[in-house]
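Participant: This is the structure, below, for whatever I ask next.
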Amino acid sequence: MSGMGETSSIEIQQLRELKGPLVDVRSPSEFAKGHWPGAINLPLFNDEERAEVGIAYKQQGRRPAIHLGLELTGPKLSSLARELETLRELGNPRIYCWRGGMRSASMAWLAQQIELSPTLLQGGYKSYRRWAQSRFEQRWPLRVMGGRTGTGKTDLLLAMAACGVAVVDLEGLAHHRGSSFGGLGLPDQPSTEHYENKLAEALDQHQRQQATAIWLEAESIQVGSCRIPKPFFDQMQQAPVLEIQRDLNERVEQLVQVYGHQGASALAEATQRISRRLGPQRTKEALEAIDREDWASACRATLDYYDRCYDHELARSPKRDNIDLSGLSADQAAQTLIKHGFVEIPD
């Protein structure tokens, strides 16, 4: 076996320009908390092993910890090499650990043994996090789409994205629709840390394509359990707003489509969560309607509360236009916004 070949370790901006699979060699729980979106987790240690090595390092020092690490990874080398082998056709691996230290260097050595040419991320995931957070301090050309609950803002944004407009789907990235009912029927939410990573990547993508306007939906700072980074949220608060209006029956219909199949018990539970704010009368109306599976009446009972919240929020936005899109599908609505010059399609 050859010795430790020279593996280049480069800073994040350069590493981002390279192709090849991203390999995160941290433990599964570190990876779950947050990672470079798109990375594949090939952990050198599982969670328990990582804790053991950490304790050895604290109590006995570096060398004993390294010996323990070698003892733990030795039996896994061939299976890790096989995992790396499966990535071969994707190109040379870009490898990172927490700080760019022993774990990524060890995996790079293994990759070299099977004739791959790995590159390491200088400073590891910590430097990725610094990069992600620095995105939110930048100035972005934001445009905010507002509108009361049920005006189909998300569908409209997705239809605009399909026309080539730069859109960041804050709710899609969070797996949440932003209200008490917002998590129903969606996958688990990412951690706020990972949400920030996903948001940073989405913004970076639009910057690379030199977007002159980036559209997103009006949100409060919390999207379910995910939190929009404060410096970025402050920019959203200052951005021009386009308010979408639709007729009440259409809004009720839209909400019934989104939430009607979630089942009575989930809807009742979500209604109970906002019962203090709905007040006893509306809560009772909503729960009785849910009980008889009359989804439209249940929506109407809660809409007034959501409308008041929304109108209160909107009153704070610095400048806003509005347009009534009643009767139009999401695709037709997107075309209308383009035709009337509210939205520009990049060349």
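The values are calculated or read from the model by the stated rules, or taken from the named source; none is laboratory data. In this text the structure is predicted, and so the values were computed from the model without any measurement. Cβ: placed from backbone, ideal geometry, glycine included. Neighbour counts: every protein chain shown. The accessibility values were calculated without ligands, DNA or RNA, using every heavy atom of the protein model including side chains. Shrake-Rupley method; radii C 1.70, N 1.55, O 1.52, S 1.80 Å.
Participant: When you scan segment 265-287, do you find a residue that is within 23 Å of Arg148 (Cβ to Cβ), within 30 Å of the chain's Cα centre (by Cα) and assigned to a loop (DSSP other than H, G, I, E, B), even just one?
Facilitator: Yes, some residue in segment 265-287 is within 23 Å of Arg148 (Cβ to Cβ), within 30 Å of the chain's Cα centre (by Cα) and assigned to a loop (DSSP other than H, G, I, E, B).
Participant: In addition: Give the residues of segment 26-38 that are open to solvent by less than 60 Å² (accessible area, probe 1.4 Å) and in contact (Cβ under 8 Å) with a residue 40 or more places away in the chain, sorted by residue number.
Facilitator: Residues satisfying the conditions are Arg26, Glu30, Gly34, His35, Trp36, Pro37.
Participant: Could you list, in sequence order, the residues of segment 22-77 that are acidic (Asp, Glu), under 19 Å from Ala108 (Cα atoms) and within 19 Å of the chain's Cα centre (by Cα)?
Facilitator: First pass over segment 22-77, keeping only residues acidic (Asp, Glu): 24, 30, 47-49, 52, 71.
Subsequent filtering for residues that are under 19 Å from Ala108 (Cα atoms) retains 24, 71.
Matches in segment 22-77: Asp24 only.
Participant: On to the next question. When you go through Trp140, Trp131, Trp109 one by one, which is the residue that is over 25 Å from Arg246 (Cα atoms), in contact (Cβ under 8 Å) with a residue 12 or more places away in the chain and open to solvent by 30 Å² or more (accessible area, probe 1.4 Å)? Walk me through how you get there before you give the answer.
Facilitator: On the way: Trp140 fails: open to solvent by 30 Å² or more (accessible area, probe 1.4 Å); Trp131 fails: open to solvent by 30 Å² or more (accessible area, probe 1.4 Å).
From the options Trp140, Trp131, Trp109, the qualifying one is Trp109.
Participant: Could you tell me which residue of segment 39-54 is farthest from His194 (Cα to Cα), considering only residues that are touching a residue at least 40 places away in the same chain (Cβ under 8 Å) and either among the aromatic types (Phe, Trp, Tyr) or open to solvent by 30 Å² or more (accessible area, probe 1.4 Å) (or both)?
Facilitator: Top of the filtered list is Phe45.
Participant: Considering only segment 147-179, state which residues are assigned to a helix (DSSP H, G or I) and open to solvent by less than 30 Å² (accessible area, probe 1.4 Å).
Facilitator: Of all residues in segment 147-179, those assigned to a helix (DSSP H, G or I) come to 153-162, 170-174.
Residues satisfying the conditions are Lys153, Leu156, Leu157, Ala159, Met160, Leu170, Glu171, Ala174.
Participant: Ala239 passes all but one of (1) surrounded by fewer than 17 Cβ atoms within 10 Å (Cβ to Cβ); (2) touching a strand residue (DSSP E or B) at 6+ places or on another chain (Cβ under 7 Å); which number fails?
Facilitator: Only one criterion is unmet by Ala239, namely (1).
Participant: When you look at Asp307, is it farther than 30 Å from Lys33 by Cβ and touching a residue at least 12 places away in the same chain (Cβ under 8 Å), yes or no? Explain how you work it out, then say what you get.
Facilitator: Values: farther than 30 Å from Lys33 by Cβ: yes; touching a residue at least 12 places away in the same chain (Cβ under 8 Å): yes.
In short, yes.
Participant: Separate question: Among what's in segment 205-232 and is surrounded by fewer than 16 Cβ atoms within 10 Å (Cβ to Cβ) and in a helix (DSSP H, G or I), pick the residue that is nearest to the chain's Cα centre (by Cα).
Facilitator: Gln205
Participant: Then there is this: Scan the helices (runs of 4 or more DSSP H) fully inside segment 5-119 and keep the ones with 2 or more residues being among the β-branched types (Val, Ile, Thr).
Facilitator: Numbers: elements: 12-17, 28-33, 47-60, 62-73, 77-86, 102-113.
The qualifying helices (runs of 4 or more DSSP H) are 47-60, 62-73.
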